[in-house]
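In what follows, a structure is listed as structure tokens, so that the remarks can point back to it.
The values are calculated or read from the model by the stated rules, or taken from the named source; none is laboratory data. Everything numeric in this text was worked out from a predicted model, so none of it was measured. Note that each Cβ is placed from the backbone with ideal geometry, even for glycine, and that neighbours are counted across all protein chains shown. Keep in mind that these areas ignore ligands, DNA and RNA; they rest on the heavy atoms of the full protein, side chains included. Shrake-Rupley method; radii C 1.70, N 1.55, O 1.52, S 1.80 Å.
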Amino acid sequence: MKRILCILAAVGMMFAVGCRHADQGEDVVSIVSESPAATAPAETEKSVPTPAPVDMTDENAVCFDNGVFVKGSFNWDFFFAKTRARMNARVRILNARDGGVEDMNLVFEDGAYTLTMGAENARYACLTGGEFDMPEASGLASAKIYILTDDPGMTVEAFFGGSIPADVALGYTTASGTVIFVAYKTN
């Protein structure tokens, strides 16, 4: 009888290690089974096209859907913090569009930013931005916006001519630079 109780306790402990409580929307991977169904990520509410070979589930990327932020804020914040400390850093930015996925790499090295998309490279001297309160009429609480520019005195407000629009998206470009990150928070 003791032997059976010990075996049941051991099985229970192995089961407890292999399972954990998951928040809604969180991907859960079983460590007990190696079947493909057990290791596939859970479906998310927002369907994003994923043409091969670009993997929109890349946990180290910042992901957008038609220029609208989807996930990866930690990755962005980590990249931005490293650049503020003048440390070399890189971040992958994926933007799902109707015709496929824009796969961009933003690298900070030697005091400058290089944005690469395919064979195209653009080099910028500065990355500026932060979180900004939005006008009450917009229905938004705030916006986290960052721009790449060559003007060290450029501010996000000046980039948009004084007020931040509620419909700006990744890739919005003016003569002063380009929007590289935008995430709105609703009220």
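How many angstrom lie between the C-alpha centres of region 133-175 and region 52-125?
18
Of Thr155, Asn121, Ala169, which is farthest towards the positive pole of region 72-187's charge dipole, taken about the Cα centre with +1 and -1 on the beta-carbons of Lys, Arg and Asp, Glu respectively?
Asn121
Over the heavy atoms of Phe80, what accessible area does a 1.4 Å probe trace out, to the nearest 10 Å²?
Taking all protein chains as shown, Phe80 has close to 40 Å².
From Cα pairs below 8 angstrom and at least 6 apart in sequence, can you work out the relative contact order of region 85-126, rounded to a whole percent? Kindly include the intermediate steps, with their values, before the conclusion.
Values: 70 pairs, mean separation 12.2, N = 42.
Averaging sequence separation for qualifying contacts and normalising by length gives 29 percent for region 85-126.
How many nm is it between the label spots at Ala158 and Ala119, if each spot is 7 Å from the Cα in line with the beta carbon?
Taking the two extended label points, one gets 3.7 nm.
What size of dipole, in debye to the nearest 20, comes out for region 85-153 about its Cα centre when the only charges are +1 on Lys and Arg C-beta atoms and -1 on Asp and Glu C-beta atoms? Intermediate results must be reported in sequence, preceding the final value.
On the way: 6 positive and 11 negative charges, 48 e Å.
About 240 debye.
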